Amino acid sequence: MAPNLDSFGRDRTAYQEHAKQRRIAEREARRARRRQAREVSGKMAEHLEGLSSDDEETSTDITNFNMEKDRILKESSNVFEDTLENFYSIDCIRFQFETWRSSYYNTYKDAYIGLCLPKLLNPLIRLQFLSWNPLEPKCRDFEGMSWFESLLFYGCEEKEYDKEDADILLLPSLVEKVILPKLAVIAENLWDPFSTTQTNRLAAVFQKLINGYPTVVNSDNKNTEALLKALLTRMRRTLDDDVFMPLFPKHVIENKNSAPCVFFQRQFWSSVKLLGNFLKWYGVLSNKCLQELAIDGLLNRYILMAFQNNENGEDSIKKAQSVIACFPKQWFSGLKGGKTIPQLENLARYLTHLAGVIYRQNIGCSDMEKRSARDQIRQIVKLLASIHSLENAMSVANDYNVKDVKAPSDGK
């Protein structure tokens, strides 16, 4: 069977395997260097495997990507080399249409220029967006780009207001036709949901569009709908393809220095990191979608499985605190009664079970160990109360004689 060759004449399968092994070697080398740096600085105890940015960097791939990008940008600069400036310069085009508009407004309006202008400018603006990527550091704000500044006051000359003036919607229309499709491609193909840095940057752009262009970024807009679908597609693909939680015997996990334990901890904390990144989309995606992906798809399917594989009281409480810190507080602010949201009932049951495990493990122990166990159970009561699982919180407090915890009231 003939080998499958790429455009450079390389065996595609062998090259991809070689690239994969190279990335693994680079990642492990970075981890080793950072581990040594933490040991020297005395910060080793503070670090949690899986939360660092080691997996977000691949220096060789970044170098290759930048070389290819530079080549494309160089070629793009020649797109209009045989075209007169009057026909590709946004400033020149704007001046010509402004002159028409100010001198012969009625004919300008009858020609529906306000509807045609976004289509005319679209390819010229897309060319400026060729290298625009909000996932990268120091990415330029689109409102500071030359096309935006050139068109910002288009159609705003002093004259009687015309409510049918389509030029009022020029910038929102360009945002809809240029920026939203660009973001959809970035979200589905470039964004790494495991990267907190990329997630923060992408979510910030979303929030800017929601606040600044509410007539465009809404549920009735087809481009907005396509953008949100791209976002959800990428998140679901990450859940299906990239999340893995290993299961080891408890005695293996208890050996903190063993390779299985290190791998288990790294996978757990990377899942918690992904949970936090998913929930950064609160206010953009609906609660139903977020809870389906983050709680049903990630917490209940993977993270709780890891909890049940390791019932060390202090370690489990620390992990539960990190998980609960990811949840939007708005999920619980309007709840009535003593139960949390249905999707978190499994977590509430686990925490209740953990309190019983901690109590039983310390029966017959010294007074100091019993005090430590009571403090851990007190923390569990507070965690249950923080997710509005009030019935479970009071049950644990009563069952294990934790009396110095204030009884939480409904709706708070």
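The values are calculated or read from the model by the stated rules, or taken from the named source; none is laboratory data. Just so it is clear, the model here is predicted, and its values are computed rather than measured. When we count neighbours, we look across all protein chains shown, and the Cβ atoms used for this are built from the backbone with ideal geometry, even at glycine. Areas reflect the complete protein model, heavy atoms only, side chains present, ligands, DNA and RNA absent. Shrake-Rupley method; radii C 1.70, N 1.55, O 1.52, S 1.80 Å.
Some points to look at:
- Computed E for Asp61/Gln21 - FRET, C-beta separation, R0 22 angstrom, nearest 0.05: 0.95
- Net charge of neighbours whose Cβ lies under 12 Å from the Cβ of Leu239, counting Lys and Arg as +1 and Asp and Glu as -1: -1
- Counted over segment 341-405 with a bin width of 5 Å, the fraction of Cα pairs per bin, in whole percents, is 4, 19, 32, 22, 13, 6, 2, 1.
- Bins of 5 Å, starting at 0 and running to the largest distance - Cα pair percent for segment 267-330: 4, 18, 30, 25, 13, 7, 2, 0
- Volume per residue of the C-alpha convex hull in segment 154-303, rounded to whole Å³: 117
- In Å, descending, principal axis extents of the Cα set of segment 72-227: 55, 40, 23
- Given charges at Cβ of Lys, Arg, Asp, Glu: segment 215-370 dipole, positive-most of Met305, Pro328, Phe268: Pro328
- In terms of the mean number of neighbouring beta-carbon atoms within 10 Å, the peptides 394-403, 245-254 order highest first as 394-403, 245-254.
- q = 0.16, 0.18 Å⁻¹, segment 122-188: log10 I(q)/I(0) [Debye, one scatterer per Cα]: -0.61, -0.74
- Solvent-accessible surface (1.4 angstrom probe) belonging to Arg71, in square angstrom, nearest 10: 100
- Listed peptides 182-194, 109-121 appear in the order 182-194, 109-121 once ranked by packing, highest mean of other Cβ atoms within 10 Å at the front.
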